[in-house]
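Remarks on the structure that follows.
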Amino acid sequence: MQLLSMWPSDCGHRQRHRLYLTPLVVMQVKPGKGHWVDEVSSNGAIITLEDNSMWEIASLDRIDTSLWLPTTDITVMRDPRPVDDFKYILVNTEDGEKAHAKYMGKH
């Protein structure tokens, strides 16, 4: 938590105010092993994992993800060279296929 102190300029008297700023958590992504496919939707365009996280798959990788089955073991990794919003890679640990993915939140 960050502390920000300020002197308001619009007050007739000088009184110090403190604002406590807390970090905003936009998304909770757990990179790592131990995930598996719960559902494949839209011909491989959307992958839902067992933790209810939803992932949009880059168009060039959908030919592979359309064939992924429920219970396929997945490792989630940060992409070292992300393109646009596709900041993660889903790795099918059973056959080594990789898919560039954008985190869409949980459903």
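Computed from the coordinates by the stated procedures, all read-outs in this text should not be read as laboratory data. Note that this is a predicted model, so its numbers are computed, not measured. In this analysis, Cβ positions are derived from the backbone assuming ideal geometry, glycine residues included, and neighbour counts consider all displayed protein chains.
For the stretch 40-94: of the residues being among the β-branched types (Val, Ile, Thr) and in contact with a Leu (Cβ under 7 Å, 6 or more places away or on another chain), which is nearest to MET104 (Cα to Cα)?
Initial filter on the stretch 40-94 (among the β-branched types (Val, Ile, Thr)): 40, 46-48, 57, 63, 65, 71-72, 74-76, 83, 89, 91, 93.
From what's left, in contact with a Leu (Cβ under 7 Å, 6 or more places away or on another chain): 47, 74, 76.
On the way: ILE47: 10, ILE74: 17, VAL76: 14 Å.
Going through the qualifying residues, I end up with ILE47.
Within the stretch 33-83, track down each residue that is part of a helix (DSSP H, G or I) and out of contact with any His (no Cβ under 9 Å at 6 or more places or on another chain). Show your work before the answer.
Within the stretch 33-83, the first condition is being part of a helix (DSSP H, G or I), and the residues that meet it are 42-44, 59-65.
Correct list: SER42, ASN43, GLY44, SER59, ARG62, ILE63, ASP64, THR65.
Go through the stretch 84-99 and count every residue that is assigned to a strand (DSSP E or B) and either in contact with a helix residue (DSSP H, G or I) (Cβ under 8 Å, 6 or more places away or on another chain) or loosely packed, with under 13 Cβ neighbours inside 10 Å (or both). First the steps, then the outcome.
Taking the stretch 84-99 first, the residues assigned to a strand (DSSP E or B) are 86-92, 98-99.
Filter once more, so that each one left must be either in contact with a helix residue (DSSP H, G or I) (Cβ under 8 Å, 6 or more places away or on another chain) or loosely packed, with under 13 Cβ neighbours inside 10 Å (or both): 90, 92, 98-99.
Residues meeting the conditions: 4.
State which residue pairs qualify: first residue free of Cβ contacts under 8 Å to residues at least 40 places away in the same chain and inside the stretch 53-73, second residue buried (at least 17 other Cβ atoms within 10 Å of the Cβ) and part of a helix (DSSP H, G or I) in any location, beta carbons under 6 Å apart, and separation of 6 or more residues or different chains.
Sorted first by the residue in the stretch 53-73, then by its partner, the pairs are ARG62/GLY44; THR65/GLY44; SER66/GLY44.
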